[in-house]
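Take a look at the structure set out below.
The values are calculated or read from the model by the stated rules, or taken from the named source; none is laboratory data. Computed from a predicted model, the values in this text were never measured in an experiment. Positions of Cβ are generated from backbone atoms using ideal geometry, with glycine treated the same way; all protein chains shown enter the neighbour counts.
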Protein chains: 2
Amino acid sequence: MRVSAKADYAVRAAAELAAAGDEGPVKGERLAEAQDIPLQFLEHILLELKHHGIVRARRGAKGGYWLARPADEVTIAEIVRAVEGPIAHVQSTPPEDIEYRGHAEHLQEVWIAVRASLRNVLEEVTLADLVSGELPSVVGDLTADPDAWVAR
Amino acid sequence: MRVSAKADYAVRAAAELAAAGDEGPVKGERLAEAQDIPLQFLEHILLELKHHGIVRARRGAKGGYWLARPADEVTIAEIVRAVEGPIAHVQSTPPEDIEYRGHAEHLQEVWIAVRASLRNVLEEVTLADLVSGELPSVVGDLTADPDAWVAR
DNA sequence: GCACTCCTGACCAAGGAGGTCAGGAAAGTC
DNA sequence: GACTTTCCTGACCTCCTTGGTCAGGAGTGC
């Protein structure tokens, strides 16, 4: 139930790309500096994003990375899945495929609900939202409660 | 963003304990058989639950495990935290402590929302709910959408 | 041809996941 | 007091992931 460095880095780099808009390819180095991410590690992450069709790239002078689609069509969920794999799997299998026995029978519904609630946030927020700061209302609702900001 | 075997096992074992109610201590072996969990591994998990004050135990003949508190006062969140640590930390630090730069500034709110949405599910469901199958409405709402049941 | 930038695979250290094993320590029974 | 039962604890194990680094190759632009 944690967010890996890779996922965090990936979203941050993608946010920079979204902000760059159509000003042409952005060098990996610039992304790394803007977000304080180790360059070589970031390059691997960008490659994964490329393989998942989220980012495009060109080599050579004037080369760099850019978003494959408009920023308002790329969700955080996509990026997280690209680098971390499926969201909210239990023991590496999707919750809908698990059969629980005995008194744990209803646990499946709980894990399904967990996944759905994650999707409700991650699939709603696009890179455009993130960069503009105008986050969808679901995020506003959840962060409005001061309790959401305290550790537990 | 995944649920470990340990967390899954812990919740299932706790559900069995909740179902056993006050019929006296339940042997680890019986829990292991009921939920098909490797016994020795389960014993380590139960020990962690004990250290977190969720479960109690007695050794010897007629020994076994039981819940330290009534089943309707123990939430899934507690159990998950006991065995997996804090929920939804980013790179092992709580989201409220992270400072984002550049165009990723609003990412903090997204991770806070992610954590809040997880809590909304995990802190609402108690062991009593789980065993009875009468899950809180938040779970019902989330699992009602057929879309929640399909992989993506 | 040369500089630039991405692309790729190999490697690495540390830690976690998912266990197993062996023995010790309390509790109950005879 | 001996014996059985059951939990308690630490050590160990293998495999995989995390979070990187390094070295070189392959396009691209001038």
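Quick rundown of the values:
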quantity: Residue in the range B:55-65 that is at positive phi and touching a Pro at 6+ places or on another chain (Cβ under 6 Å) present; calculated: yes
quantity: Qualifying residues in the range B:89-120 (those that are at pLDDT 95 or above and of a type in the set (Gly, Ala, Ser)) - the one nearest to A:Ser137 (Cα to Cα); calculated: B:Ala113
quantity: In the range A:1-60, the residues that are outside any helix (DSSP H, G or I), in contact with a Gly (Cβ under 6 Å, 6 or more places away or on another chain) and of a type in the set (A, V, I, L, M); calculated: A:Val26
quantity: Neighbours by Cβ (under 8 Å, 6+ apart or cross-chain): first from the range A:9-33, at pLDDT below 95; second more than 15 Å from DNA strand D (Cβ to nearest atom); calculated: A:Gly21/A:Ala71
quantity: Checking A:Met1 against (1) within 15 Å of DNA strand C (Cβ to nearest atom); (2) over 30 Å from B:Ser132 (Cβ atoms), the condition it does not meet; calculated: (2)
quantity: Of residues in the range A:128-152 being surrounded by fewer than 16 Cβ atoms within 10 Å (Cβ to Cβ) and among the hydroxyl-bearing types (Ser, Thr, Tyr), the one nearest to the other protein chains (Cβ to nearest Cβ); calculated: A:Ser132
quantity: Answer residue from the range B:92-141, given it is in a loop (DSSP other than H, G, I, E, B) and among the small types (Gly, Ala, Ser) and is nearest to DNA strand D (Cβ to nearest atom) among those; calculated: B:Ser92
quantity: Search result, residues across the range A:99-139 that are in contact with a strand residue (DSSP E or B) (Cβ under 6 Å, 6 or more places away or on another chain) and more than 20 Å from B:Ile87 (Cβ to Cβ); calculated: A:Thr126
quantity: Residue in the range A:65-87 that is of a type in the set (A, V, I, L, M), in contact with a Leu (Cβ under 8 Å, 6 or more places away or on another chain), part of a strand (DSSP E or B) and within 16 Å of DNA strand C (Cβ to nearest atom) present; calculated: yes
quantity: Filter result for A:Arg69 (more than 10 Å from DNA strand D (Cβ to nearest atom) and closer than 18 Å to A:Val131 by Cβ); calculated: yes
quantity: B:Arg81 at the interface with another protein chain (Cβ under 10 Å from one of its Cβ atoms), among the basic types (Lys, Arg) and over 20 Å from the mean Cα position of the chain (by Cα); calculated: no
quantity: Selection status of B:Val55, more than 9 Å from DNA strand D (Cβ to nearest atom), modelled with pLDDT of 95 or more and buried (at least 20 other Cβ atoms within 10 Å of the Cβ); calculated: no
quantity: Search result, residues across the range A:82-125 that are surrounded by fewer than 20 Cβ atoms within 10 Å (Cβ to Cβ), of a type in the set (D, E, K, R) and without any contact (Cβ under 8 Å) to a residue 12 or more places away in the chain; calculated: A:Asp97, A:Glu99, A:Arg101, A:Glu105
quantity: Candidate set from the range A:26-45 (those that are within 12 Å of DNA strand D (Cβ to nearest atom) and crowded, with 18+ Cβ neighbours inside 10 Å); member that is nearest to A:Ala82 (Cα to Cα); calculated: A:Ile45
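A quick yes/no check of all residues on (1) more than 14 Å from chain A (Cβ to nearest Cβ); (2) in contact with a Ser or Thr (Cβ under 8 Å, 6 or more places away or on another chain); (3) over 30 Å from A:Leu122 (Cα atoms):
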position: B:Val3; (1), (2), (3): no, no, no
position: B:Ala32; (1), (2), (3): no, no, yes
position: B:Asp36; (1), (2), (3): no, no, yes
position: B:Gln40; (1), (2), (3): yes, no, yes
position: B:Glu48; (1), (2), (3): yes, no, yes
position: B:Gly53; (1), (2), (3): yes, no, yes
